[in-house]
């Protein structure tokens, strides 16, 4: 299985809360994953980190060449 996406030692902190501390994960071709948690636990923030829309305070995200990540925003944006 080819490694498509990875994260090593992700750390993200907001002024009132540490969202992630030393989070590591890997996604290989053919993997099926789910992200489950309570409201406010950081599910959308994790996806934003993995897709590059948000930069971690520490750690790194790696994406294999040719892999694209798409996601839908939680909030609507109207003109």
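For the reader, a short list of remarks on this structure follows.
- In the set 2, 58, only one residue is at pLDDT below 90 and either on the phi > 0 side of the Ramachandran plot or touching a strand residue (DSSP E or B) at 6+ places or on another chain (Cβ under 7 Å) (or both); that residue is 2.
- Any hit, the stretch 61-79, residues being surrounded by 11 or more Cβ atoms within 10 Å (Cβ to Cβ), touching a helix residue (DSSP H, G or I) at 6+ places or on another chain (Cβ under 8 Å) and in contact (Cβ under 8 Å) with a residue 60 or more places away in the chain: yes
- Of residues in the stretch 1-18 being loosely packed, with under 10 Cβ neighbours inside 10 Å and in contact (Cβ under 8 Å) with a residue 24 or more places away in the chain, the one farthest from residue 46 (Cα to Cα): 1
The values are calculated or read from the model by the stated rules, or taken from the named source; none is laboratory data. On a predicted model such as this, the values are computed, not experimentally measured, just so you know. Positions of Cβ are generated from backbone atoms using ideal geometry, with glycine treated the same way; all protein chains shown enter the neighbour counts.
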